[in-house]
Each structure stands twice: as structure tokens, then as C-alpha cells.
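What follows is a single structure, written as C-alpha cells, with notes after it.
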Amino acid sequence: MAGAPNREYKNSLVRWIEYRLPIFSLLDHTIGRDYPTPKNLNYWWSLGAVLTIALIIQIITGIFLAMYYVPTAEGAFDSVERIMRDVNSGWMIRYIHSNGAALFFAAVYIHILRGMYYGSYKRPRELLWFIGIIIFILMMATAFMGYVLPWGQMSFWAATVITNLFSAIPWVGDSITIWLWGGFSVGSATLQRFYSLHYVLPFVIFGATIVHIWAIHVHGPNNPKGISVKGPQDTIPYHPYFTTKYMVVFGIFFIALAFLVFYEPNYLNHSDQFKRANPLVTPANIVPEWYFLPFYAILRSIPDKLMGVVAFGGSLMILFILPWVDTSRVRSGAFRPVFKQFFWIFVADVILLGYIGSQPPAGALLIIGRLATVYYFAHFIIILPLVGWMERPKPLPESIAEPVLKGEGGQ
Amino acid sequence: MIVLKTMTGLKLGSLRRMATAVVVAAGIVFTSGLSANAAEEAREYESHDWSFYGLFGTYDRASLQRGYRVYKDVCASCHSLRLISFRNLVEIGFTEDEAKGIASEFTVEDGPDAEGDMFERTARLSDRIPSPYRNDNEARSINNGALPPDLSLIVKARHGGPNYIFALLNGYSEEAPEDFHLTDGMTYNPYFAGAEIAMPEPLFEDAVEYGDGTTASVEQMAEDVTHFLAWASEPTLDRRHQLGFQVMIFLILLTGLFWIVKRRTWKDMH
């Protein structure tokens, strides 16, 4: 941050390095003593740091898995089983990678919902929000391609279903699909390009994460009160306060990960993934990983293939207009009584979509899925602008440092 | 002001209505899901009390060895176990010599030799357990068109895991209901999807002779072979549970320490 003091380091080696390459002050300004942080950040603000750790875990375990993985239609399934059985601690590395991906998504969903509840996307953090959405979409692409790599039944059929979406594009759809496959069906060529992209995209995500962190340091993080920092009395240094606070969450994250890895490593997996990919046998119900289910439900709720794809893409792209469809000038949902209710209904709607995505699309489920899809879009296009105009927000506190507020006293 | 208040009132009313709708919708979702399942899916099966369940669960070595006996004497005539090598049998409690002895009962194709010919030799510890068929086509032609699945991952590849396999193996005792149309060459089994299965009843009283004197009842053999196949699917489970306990204890203590450090750091910040 501009204006922070240039610290004089005591250790002579540190001083020597710092004079030539100021990495110590960079760290101090980024996650250290010279990063003034709103003092009221709650635990939900730790998810950004958790996500960085999760990304690093995925990259490290992934590098080790890549040493043994064979990206061919003939060799992939058996090479994964070799990792599970014969490679030293291979089972642990792979279970950390597969369950780490699930927790990565759990954390990113909480992170996004935190941003939506506290209005973190609002001026002047619109670009920060955009970069976040781009990271989220890159994560989805990476996770999808990673799911294809073990070449189980669900891998193969998920790849078939998702790549087939491109064939809905008018006129050029079929050519694009064949171009994506590298052949006339999902096969070794598809697997190899997915492997290549699955390896490289995490580094793109890493780069985008650095831009995301850069962007957040321009105006500092939003905070639960949603009001801007007015002066030094509102902030405390990131280290040691938030480093120690977030370490607690890291610990909980690792406990959750260890529990999955050591006790329920296949709980989130599908039994069809233990059958080798077979282009001649279609699974009874093709389902993606749990973290794609709400979007999968939106995709399937539209009877027309092209419009389904448009709705699927739109359900992600609509996040970009959030800073403008939310017409309220108040950032934090804590001071917006009506918005708060609709926020939780939106969360319930997404969970309902997730359930519907996991079930065969028929009967009442199909109709409920369509209603839930309509509601998903209505939340952004109708509800948020109207609530922003009509709602009477609670009085905002004078500053972050002000301890007790008149407006909040009634609760 | 009045307009705003009315708006809030309206919002609350519509909110309540919306909440009711969501609850009703969830109810419909649930019940319709249940009825759909009842119509299509095979019979429910009970959860068995496996020794490898739970946080401290481990495989029962004696049961694994008996299970291998059942696999070899019964299942292996039709089903391969291609991910398991003879050396892996040491992990279920056979001594190295016993495992070598088991391997020596098999012959495998090797080669080419110096003259370029393939030859047969006695199996070694490093060999995979040979498949009963040369390829899937041979398997199908011998088995009336049906392909007996490889059993290496069968427990993980079936929804319901060991409970399903155990129920299926025990599910041959019932006669098909009179109105049930059984396809030629198929056998009735209520636990299999569609209730008819290409695999004929595999286990009969005393089909194998257990070395440890255990009575080879159908249920006992089904339990042992399921246990063995669960191990074949997930051979690292024992190590995983053991290491997991240590890791959990460490992480819980570490998180507790983090919590104390956080409390101390923030002591004066309120």
C-alpha cells in the first residue's frame, strides 16, 4: 500500500537482499505488518487465504500424480490404479488431490456467497469481482478436465456430454466439436489435450490469483459493515492479527480434508468411476461432480439444446452484471433487511437446483427445476434492482471503529 | 415512508408465500424421488457390520484368506482379478512361501525368448493373477453372451459396495414369483437390477474347504469373499485408517494451538 513506512530491517542479510530486491517489504505490504486491514473482518474473510492454500495443494499433489499418470485411453485407468496400489503413498496423494478439489469448490462457493452478501462487488471493487469470476470459470474448466483423466465411465460420459454442448452452436457446432475432440468421438486425442490443459490451467489460475490479490490491495478488502475505511483507527496490521486468525481456519480446512482423505475418500465419488470407460455402455444417469450440479440442472431445464447451453453460460456470465443490477448504495447485507431474506432464498434456490441436477430429469423434478432456473435469473434481473430501489436500509454506522450503533441497538 | 412500509409488508407476505412454495416443492421432489426409486431399483439390502468399517476399522486377515480360497475355487473359473498380483497375497497374511506356492499352481505366457517364441512358465510373485479367458470375446462366447466383470474393483464399482455384493451372493435362495417372467438362461435374484442375473447361483454349502476349520456355509463364504474383494478394491485401507488417526490427532492439536495464538494476539483488540 502506498504511504506505508519503509521499514528498516534488523537482520543484515535481510537488509542486503531488501536493498537489491525488496521482497521483504513486498511481503510486509501484501500479507504482513504494513498491510492495514479493516479491524472488523470476520472469519468469512479467511476463505480467500484458504483458497490460495487449496490451489497450492492441488498444484503440488498434481505434479506428483503427473509423474505416474499415463494420458492414453488404453493406459489411463490402469495408471491411476497403479498410483493407488503400487506407488508409495500414491493413494494419499491422489485422495488429497481429488478431495482437495471438492473442498476447493466448497471454499470458493462460500467465498463468492460472502462477496454477494456483503456487497464486495460494488464500487470500487468491480474489477476485483470480475477477476474472481474469471478464476471461478477457469477452476470449473480445470476441474472438469481433471475429472476426465481417470478415464472411468463417468469421466468418459461427462466428457461426451459436455463437449457435445458445443455442437449446439449454429452452423459450425459440429465442426467445433470434432475439432475439440481431435477425432470423431471422445478418445485418446481428447484425453491428451485435456491432460495438457489440466496441467497448464492451474498456473493460469495462479497468475489470475496474483492479479486478484493485487486488485484487492488497491482499496483494501471490503468488511462486514460495508463502509469504507476512514482512517488509521479503523485498521490493524494484517500480521499478526489476521495471519493468526486465518491460521485457525487453515487448521479446520486441513482437518476437513484429512477426514475425507483418510476416512471417506470416495464419499463424493461415483461408483461408475471404478468402471473403465466404455463407449458402448451409457450409464443409467450421467451426473457431474457435486459442485457442478446447480449449473447442470440449469442446462437440463431448457428443452432446447442451444438455449440450454445459453442458459448454462448465462448463469455464470450474469455474475458480471451484479455490480450494476444491485442498485442499492449500501454494500453490506447486514444493513439491508429485505435483501438479506432474498439472499438466503437465492442460496436455497441454488441448493435446490443442485439436488435436481443429481436426479434424472423427469416429472415434477423437471418442472421444479425450470421454476428454480427462472428464479435464479430473476434474482439478478428483477429482484436485486427492485429491492435496491424499494428497500429502506438500516442506518449505517459512522465508522468501522465506532463500537455501538444506534441503528443496530434494537437487535 | 408509507409507501416504503407497505412495500416491506408486501415483501414479508410474499416472502412467507415463497418460503411455503419452496417447502412444498422440496416435499414433492422428495416423495417423487422415492416413488421413482421404489419402482425401478432392486430390493433394499441391509448394512452388514464389516470389520473394516469405522474410524479404526481393519480387514480381518483370517476372513481375507478364506475369501481368497472362495475366489480361487469358485469365482476364478469365470471372473478375472487382473489388478492383483501374487505378491499382494502377502499383504493379507500369507507368508512369502505360501504366496509362491499359490503362484506356482498357475502358468503364464511369457516371452519372446531368444528365438522369438512365446513360452509358458510357472507364475511368480510378480505376476498378475491370470484371467480365465484370453479376451472378452472368449468370455462372452463361453458365458451365453454375458461378460463376467473383472472383480478387482467390483466392491467400489457398485453402489452399496460390500453390502450389495454380500446381499447379491446371498440372494439366490428365493424362487422367482409366479408372475415374474424369467429370460432363458438367467437366474432370479431380487437384489440385482431387473431381478434377473446372468450369473448362476455361485455358492453351495461346503463348496470350498476352509483350512482353519470354519464351516463353509453359503453366508460364511459370501461374507469372506466379499471381505476379500473389498480388500482387492482398496488394499491400502488399513494403512489409511492407521495414518489417518495420527494425522487427525496432530491437526486437532495444531488447530488448538492456532486458536490459543489467535486469542492471545487479539486479547487487547476489542
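Residues whose amide H falls under 5 Å from that of A:I236, counting only those 5 or more places apart or on a different chain, are A:T37, A:K39, with hydrogens built in the peptide plane. On the basis of the beta-carbon distance and an R0 of 41 Å, B:T58 and B:F180 show a calculated FRET efficiency of 0.50.
Across the protein assembly as shown, Cα-Cα pairs more than 51 Å apart make up 23 percent of the total. Binning the C-alpha pair distances of the range A:23-405 at 20 Å intervals from 0 yields a P(r) profile of 25, 55, 19, 0 %, listed from the shortest bin outward.
Taking amide H as placed 1.01 Å from N in the peptide plane, the amide H of B:T107 sits under 5 Å from that of B:A123, each at least 5 places away or on another chain. With the simple spin-label model, which puts each label point 7 Å out from Cα in the Cβ direction, the A:V281 to A:N88 separation comes to 3.7 nm. Global dimensions of the range A:1-103 from alpha-carbon coordinates: Rg and Dmax equal 21.1, 60 Å.
Pair-distance distribution P(r) for the range A:239-308, from all Cα-Cα distances in 5 Å bins starting at 0: 3, 11, 12, 13, 14, 14, 10, 8, 7, 4, 2, 0 percent. Note that the range A:349-360 has calculated 3J(HN,Hα) couplings of 4, 5, 5, 4, 4, x, 5, 5, x, 8, 9, x Hz, one per residue in order, obtained from phi through the Karplus relation 6.51 cos²θ - 1.76 cosθ + 1.60 (θ = phi - 60°); glycine and proline are x. Counting beta carbons within 10 Å around each of A:W179, A:W45 and listing the fewest first gives the order A:W179, A:W45. Dividing the summed helix terms, -39500 (n - 2.57) for each DSSP H run of n ≥ 4, by the number of residues in the protein assembly as shown produces a 222 nm estimate of -18000 deg cm²/dmol to the nearest 500. Computed across the range B:57-206, the Kirkwood radius stands at 17.6 Å (inverse of mean 1/r, all Cα pairs).
The overall shape of the range B:91-178, judged from the alpha-carbon gyration tensor, is oblate: a/c is not under 1.5, and a/b is no greater than b/c.
Non-local lysine pairs in the range A:23-405, meaning eight or more places apart or on different chains, with alpha-carbon distances under 27 Å, amount to 19. Given R0 = 56 Å, the distance between the Cβ atoms of B:S104 and A:T72 translates into a calculated FRET efficiency of 0.95. Separation of the range A:45-85 from the range A:358-390 is 35 Å, based on Cα centroids. In a simple Cβ point-charge model (Lys, Arg +1; Asp, Glu -1; nothing else charged), the protein assembly as shown has a dipole of about 5480 debye relative to its Cα centre. For the residues of A:241-253, the average number of beta carbons from a partner chain within 10 Å of their own beta carbon is 5. Between A:F203 and B:M118, the simple spin-label model (points 7 angstrom out along Cα→Cβ) gives 4.3 nm.
Counting other Cβ atoms within 10 Å of each Cβ, which GluC sites (Glu not before Pro) in the range A:4-97 have at most 12 and sit in a DSSP loop? Loop-located and lightly packed - A:E8, A:E74.
Listed by chain and number, the lysines whose alpha-carbon sits under 19 Å from that of B:K72, ignoring those within fewer than 8 places in the same chain, are B:K100. A Förster radius of 35 Å combined with the Cβ-Cβ distance from B:D73 to B:S51 puts the calculated FRET efficiency at roughly 0.95. Our coupling estimate for the range A:292-300, obtained by passing each phi through the Karplus curve with A = 6.51, B = -1.76, C = 1.60 and θ = phi - 60°, is 9, 4, x, 6, 5, 5, 5, 4, 7 Hz, Gly and Pro reported as x.
Full extension of the chain between A:I59 and A:V172 yields a length gain of 37.1 nm, computed as 0.36 nm times the residue separation minus the alpha carbon distance.
Each part reduced to its alpha carbon centroid, the range B:106-184 and the range A:168-187 end up 37 Å apart.
Residues whose amide H comes within less than 5 Å of that of A:V186, counting only those at least five positions distant or on another chain, are absent (H built at 1.01 Å from N in the peptide plane).
The numbers here are math on the coordinates, done by the rules we state, and not lab data. If you're wondering where the values come from, they're calculated on a predicted model, not measured in any experiment. Cβ: placed from backbone, ideal geometry, glycine included. Neighbour counts: every protein chain shown.
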